[in-house]
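One structure is given below, encoded as structure tokens.
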Amino acid sequence: MVVRHLLARVADGSPDVRLMVLAVLADLCPQEGLWPAAADAAAVALGDPDERVRRAAAWLFVAAAGADEGTLLLFGASDPVTRTALAEALCLRVLQWSDHGGRWVDLVDRMRRDDHPAVRFLGVCAGLLTADPTDWPRPDAAVRGDLVLAAEALGGEGGWISWRAGEWWAIVLRRRDREQDAYAAVGQLVRAGESQAGLAIAAEAMRTWRAAPDRLAPVLSAVFTQRASAVRTAAVGVVCASLTATRLVADQLTRMLVEPAVSAEVAVALGCVGDPRAVPELLRLLGDDDPPSRLGDALTTVAAASPDPVGLVQVARQVLAGHPGPCREEPHRHRCPARVAVRLLSALGPHAADAVPDLAARLADAMQRGVLPEARPVVGALAAIGAAAAPAVPLLRRYAVSSDAAADLAVRALLTITGDRRIADDYLDARPEQPRRCRIAPDLFDWLAQHGGLTDRQVLQLNHLFTQPGRMQASSATAYWRHHGPPSAPTLLSKLPQYLDDDAFAPPAMKALAAMGPHARPVIPVLDRLITSRHRVAVYLGDADAEMRADEHLLQHALATRAQITAAPI
């Protein structure tokens with residue numbers, strides 16, 4: 001009944017209502033198969049006076065009626081908005097099924113010869129997906145010729161994607177692995193004043209190829225000298241999305257910290273590469289009620305390089321005093337100023353000893369309110385502070401026996417603060433001899449291996465934990481090495497290389513390899529293949545820029561691990 005009501009409302013109400021109805025129908029459209037009723041409703045909406053509605057209707061029509069009907073309508077329609085949206089919807093299918101290029105040959109050929117620039121541009125881009133490299137120059141010239149006019153028509157409101165001409169061209173260059181052509185296109189477009197398309201290609205290139213920041217950051221930084229504009233702001237955003245690019249043009253970016261339009265983005269980017277010049281602006285942002293999403297990352301990274309840790313602690317304590325209640329609900333909990341302040345104190349470690357009373361008060365409040373997830377980052381900060389957090393030990397003991405699923409984090413904190421191995425012994429005694437998973441056990445085993453060694457039962461637990469593929473194996477590898485020593489090298493070298501290209505498991509695996517020193521030298525060829533790869537490691541975080549930064553972090557881990565292995569004497 002609801003679906004019938006929606007189908008009947010496609011032509012009713014205000015344009016915003018009609019647009020919303022089409023969006024809901026699009027969400028309901030089956031991934032496989034056709035939906036004739038929705039196709040009929042979309043066909044009615046193609047005559048709507050609002051171009052946003054016509055654009056949404058065109059996308060729904062292709063989804064509900066299929067590519068063949070969409071193709072017929074594309075070459076039979078006269079409205080430019082409808083034709084562009086139909087072409088976008090069809091070309092997205094070509095992108096998704098380019099390995100079945102024969103199916104789309106006729107469509108692509110007709111689009112390439114179309115009178116409408118946007119349709120023609122999309123047809124040429126689609127043709128480049130399967131074109132022989134020797135045939136690239138002519139379609140490249142055609143893409144370049146229609147770029148400006150196509151950019152004005154593509155990605156309009158109501159469509160399912162917002163890609164402009166630059167994004168389409170960038171995706172084609174990436175799909176054909178045309179790295180050098182992408183760099184050349186960015187330079188040409190920026191010099192010609194068509195920076196918007198150039199920025200789109202630069203962003204896609206930096207997400208795809210490791211060398212792109214080195215090649216493109218100097219080109220994009222030339223846009224920084226232009227008068228303030230949307231293009232200049234976008235150029236700052238593309239550069240700041242990459243850690244490598246930010247490092248390369250840090251001096252130019254620092255001069256922009258005084259510009260309100262970009263100061264927050266620049267400060268966060270500089271902070272994420274540990275540049276202390278960003279600290280004043282970062283601390284100002286920490287005082288905001290709605291700080292940037294990456295502020296916590298920036299402050300935790302820059303804390304180690306700050307010449308004034310005392311000043312950072314004072315500001316963090318002021319933020320905690322000003323935000324005594326619980327943080328907002330997910331998905332924005334990580335942007336809560338109090339949580340960011342706790343992360344900063346955790347990064348400062350023993351330097352944050354003066355904040356122990358503030359952290360203890362926040363822990364007590366979270367326990368009293370029953371908001372136990374709020375306690376977890378506080379427990380981590382107290383653990384990082386170490387022995388100076390001794391006044392919080394009674395609270396931590398209470399939290400350790402609470403109903404929170406993460407209460408065992410308090411056990412690790414108690415061990416770090418007190419140095420009393422009985423805490424670890426008691427905890428592990430209560431665990432099975434063959435644990436499948438245990439969040440804190442790898443850290444406990446590592447601490448015990450360095451403070452008197454493991455009991456026979458703990459060795460059995462460690463050995464079994466190391467047999468569990470994934471996080472447990474990678475996380476327990478360092479303790480496994482510390483206990484078993486050189487005889488365990490063949491076992492570790494047979495297991496750890498599989499984790500080196502995984503953004504989640506690589507850091508603990510590389511930590512173990514670094515601890516092994518010269519005994520890990522057989523893994524150097526694996527590290528070298530990772531380090532010298534032209535392409536980014538595949539990471540799936542749902543955010544292309546975050547995935548790029550994950551690869552940049554992974555590369556830094558790999559370089560540091562290799563250096564530690566080779567520096568140690570044989």
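The values are calculated or read from the model by the stated rules, or taken from the named source; none is laboratory data. Since the structure is predicted, the reported quantities are computational estimates derived from the model, not experimental observations. Here the Cβ is made from the backbone with ideal geometry for all residues, glycine too, and neighbour counts use every protein chain on show. What goes into the accessible areas is simple: the full protein's heavy atoms, side chains included, and nothing from ligands, DNA or RNA. Shrake-Rupley method; radii C 1.70, N 1.55, O 1.52, S 1.80 Å.
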**Asked** When region 1-42 is examined, which residues are found to be open to solvent by less than 60 Å² (accessible area, probe 1.4 Å), under 24 Å from GLN96 (Cα atoms) and either among the aromatic types (Phe, Trp, Tyr) or part of a helix (DSSP H, G or I) (or both)?
**Response** LEU22, ALA23, VAL24, LEU25, ALA26, TRP35, ALA38, ALA39, ALA42
**Complete:** The lone condition ALA390 fails out of (1) aliphatic (A, V, I, L, M); (2) open to solvent by 30 Å² or more (accessible area, probe 1.4 Å); (3) modelled with pLDDT under 95 is (3)
**Fill in**
Checked against (1) under 30 Å from GLY271 (Cβ atoms); (2) touching a Cys at 6+ places or on another chain (Cβ under 8 Å), LEU541 satisfies every condition except (2)
**Request:** Could you tell me whether any residue of region 399-420 is of a type in the set (Lys, Arg), open to solvent by 40 Å² or more (accessible area, probe 1.4 Å) and under 21 Å from ARG369 (Cβ atoms)?
**Result:** no
**Fill in**
Subset of region 58-88, residues of a type in the set (Phe, Trp, Tyr), open to solvent by 10 Å² or more (accessible area, probe 1.4 Å) and in a helix (DSSP H, G or I), comes to PHE61
**Message:** Take the conditions open to solvent by less than 30 Å² (accessible area, probe 1.4 Å) and touching a residue at least 24 places away in the same chain (Cβ under 8 Å) and apply them to LEU173. Does it pass?
**Reply:** yes
**Prompt:** Does ASP181 satisfy being under 15 Å from TRP168 (Cα atoms) and open to solvent by 60 Å² or more (accessible area, probe 1.4 Å)?
**Reply:** yes
**Message:** As an exercise: evaluate SER293 against (1) modelled with pLDDT under 95; (2) crowded, with 19+ Cβ neighbours inside 10 Å; (3) under 21 Å from ALA546 (Cα atoms) and give the number of the one condition it does not meet.
**Reply:** (2)
**Fill in**
Counted residues in region 265-282 being farther than 17 Å from ARG549 by Cβ and buried (at least 21 other Cβ atoms within 10 Å of the Cβ) come to 2
**Request:** Report yes if some residue within region 305-322 is open to solvent by 70 Å² or more (accessible area, probe 1.4 Å), under 25 Å from ASP443 (Cα atoms) and either in a helix (DSSP H, G or I) or in contact with a strand residue (DSSP E or B) (Cβ under 9 Å, 6 or more places away or on another chain) (or both); otherwise report no.
**Result:** no
**Request:** Could you tell me whether any residue of region 28-41 is touching a Gly at 6+ places or on another chain (Cβ under 6 Å) and within 30 Å of LEU128 (Cα to Cα)?
**Result:** yes
**Asked** Is it true that some residue in region 113-135 is under 19 Å from ALA185 (Cβ atoms), out of contact with any Phe, Trp or Tyr (no Cβ under 6 Å at 6 or more places or on another chain) and not in a helix (DSSP H, G or I)?
**Response** yes
**Request:** Provide a single number: the residues in region 278-296 that are in contact (Cβ under 8 Å) with a residue 24 or more places away in the chain and in a helix (DSSP H, G or I).
**Result:** 7
**Prompt:** Inside region 184-210, can you point out the residues that are of a type outside the set (D, E, K, R) and open to solvent by 40 Å² or more (accessible area, probe 1.4 Å)?
**Reply:** ALA184, GLN188, ALA192, GLY193, GLN196
**Message:** With the structure loaded, tell me whether TRP168 is touching a Phe, Trp or Tyr at 6+ places or on another chain (Cβ under 9 Å), under 16 Å from ARG93 (Cα atoms) and modelled with pLDDT of 95 or more or whether it fails that test.
**Reply:** yes
**Request:** Output the number of residues of region 145-157 satisfying the condition of being part of a helix (DSSP H, G or I) and surrounded by fewer than 18 Cβ atoms within 10 Å (Cβ to Cβ).
**Result:** 4
**Prompt:** Among the residues of region 212-231, is there at least one that is open to solvent by less than 30 Å² (accessible area, probe 1.4 Å), outside any helix (DSSP H, G or I) and either hydrophobic (A, V, I, L, M, F, W, C) or in contact with a His (Cβ under 7 Å, 6 or more places away or on another chain) (or both)?
**Reply:** no
**Qualifying residue in region 65-88 (condition: among the acidic types (Asp, Glu), farther than 26 Å from ALA8 by Cβ and under 31 Å from the mean Cα position of the chain (by Cα))** = yes
